Amino acid sequence: MRSPEAIRLTRLTKVHGREPNHVVALDEVDLVFHRGTFTAVMGPSGSGKTTLLQCAAGLDRPTGGEVRLGDTSLGALSERELTRLRRGRVGFVFQGFNLLSSLTAEQNVALPLRLAGERTDPARLRGLLAGVGLADRARHRPGELSGGQQQRVAIARALATGPEVLFADEPTGALDSRTGRQVLALLRSLVDDRGQTEVMVTHDPVAASFADRVTFLADGRASGHLDAPSARTVAARMTALESAGEVG
Ligand SMILES: Nc1ncnc2c1ncn2[C@@H]1O[C@H](COP(=O)(O)OP(=O)(O)O)[C@@H](O)[C@H]1O
Ligand SMILES: [Mg+2]
């Protein structure tokens, strides 16, 4: 039987740079993200959220500890194996969409499939775009799409290879609140309708309220979680974390 754990982080540590200018971005973080759940990661600016996501997704190598994706320990993989894992087993969505501006929506979505050596027939690409509500925008280039539509193309692209985990770093950070909510509703529906596992970094309590659980980071350390979060309970917790940081 497959483990109910999509990701397990054990004593995950990341030090950026070298002495004397090094920064301990993650300090022995232990966390589990369960399959088919939507987790928001929150914490003050500089608390290590992006670093955590990048290490968990295999985009960055930790300094210490372990990242486990299903039954695979990332630290045991060669660069080549890690590249293959990044292309097929995880998907990543960025704040700035990161679409290639010269390619159409369809071609952007096809990219990870090409890299993975999978088929890119039009029906499959249309299906992926239809899944994010953009079946009629396949031939549009990013410059011809709204920010929300571009982010939905980026989500379709991230899902193209059927990743075990979809990671998103501030996916609504560049969107107005209404468009942001549409993207969050899409992320929520992927979990509810398809059992997608999602881990999203955000600083917005409303965005976090779409998740099943909010996990807090403070100063590179795990700082508890909140299940069935509401914007209000999340905001209160963030205020407490931020004022604790100012005092410390
Ligand atoms: N490439 C890097 N080189 C040096 N320091 C970094 C680098 N990336 C992040 N940091 C530092 O690590 C800490 C955590 O950063 P980050 O993970 O981006 O936090 P967050 O996403 O929560 O704002 C910060 O102090 C940041 O300045
Ligand atoms: Mg960040």
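The values are calculated or read from the model by the stated rules, or taken from the named source; none is laboratory data. These numbers were taken from a predicted model, which means no experiment stands behind them. Methodologically, a virtual Cβ is constructed for each residue, glycine included, from the backbone with ideal geometry; neighbour enumeration extends over all protein chains shown.
What to note about this one:
- Some residue of the range 3-22 being surrounded by 22 or more Cβ atoms within 10 Å (Cβ to Cβ), within 12 Å of ligand 1 (Cβ to nearest atom) and of a type in the set (Gly, Ala, Ser): no
- Where a residue in the range 18-29 is on the phi < 0 side of the Ramachandran plot and its partner, wherever it lies, is exposed (fewer than 15 other Cβ atoms within 10 Å of the Cβ) and at pLDDT 90 or above, with Cβ under 7 Å and at least six apart: HIS22/HIS16; VAL23/HIS16; VAL23/GLY17; ALA25/HIS16
- Residue identified as within 16 Å of ligand 1 (Cβ to nearest atom) and surrounded by 16 or more Cβ atoms within 10 Å (Cβ to Cβ) among ARG213, ARG221: ARG221
- The criterion of being surrounded by fewer than 19 Cβ atoms within 10 Å (Cβ to Cβ) and either small (Gly, Ala, Ser) or not in a loop (DSSP other than H, G, I, E, B) (or both) does not hold for ARG152.
- Selection status of ARG194, free of Cβ contacts under 8 Å to residues at least 40 places away in the same chain and in contact with a Phe, Trp or Tyr (Cβ under 9 Å, 6 or more places away or on another chain): no
- Total residues in the range 71-108, condition touching a residue at least 40 places away in the same chain (Cβ under 8 Å) and touching a strand residue (DSSP E or B) at 6+ places or on another chain (Cβ under 7 Å): 7
- Flag if ARG178 is more than 16 Å from ligand 2 (Cβ to nearest atom), out of contact with any helix residue (DSSP H, G or I) (no Cβ under 8 Å at 6 or more places or on another chain) and of a type outside the set (Asp, Glu): yes
- Only listed residue being within 16 Å of ligand 1 (Cβ to nearest atom), outside any strand (DSSP E or B) and in contact with a strand residue (DSSP E or B) (Cβ under 6 Å, 6 or more places away or on another chain), chosen from PRO62, PRO44: PRO62
- Scanning the range 226-235 for residues that are free of Cβ contacts under 8 Å to residues at least 24 places away in the same chain and surrounded by 13 or more Cβ atoms within 10 Å (Cβ to Cβ), we see that the one that is nearest to the chain's Cα centre (by Cα) is LEU226.
- Of THR39, THR72, THR83, all but one fail to be more than 15 Å from ARG221 (Cβ to Cβ), in contact with a Phe, Trp or Tyr (Cβ under 9 Å, 6 or more places away or on another chain), polar (S, T, N, Q) and more than 9 Å from ligand 1 (Cβ to nearest atom); the exception is THR39.
- In the range 203-248, the residue that is modelled with the lowest pLDDT out of those that are among the polar types (S, T, N, Q) and closer than 28 Å to GLY65 by Cα is SER223.
- As a summary of the residue check, ARG114 satisfies the conditions (1) out of contact with any Gly (no Cβ under 9 Å at 6 or more places or on another chain); (2) at negative phi; (3) within 16 Å of ligand 2 (Cβ to nearest atom) except for the one numbered (3).
- Residue satisfying all of: in the range 47-59; out of contact with any Ser or Thr (no Cβ under 9 Å at 6 or more places or on another chain) and part of a loop (DSSP other than H, G, I, E, B); nearest to ligand 2 (Cβ to nearest atom) among these: GLY48
- Flag if LEU85 is in a helix (DSSP H, G or I), away from ligand 2 (no atom under 13 Å from the Cβ) and in contact with a helix residue (DSSP H, G or I) (Cβ under 8 Å, 6 or more places away or on another chain): yes
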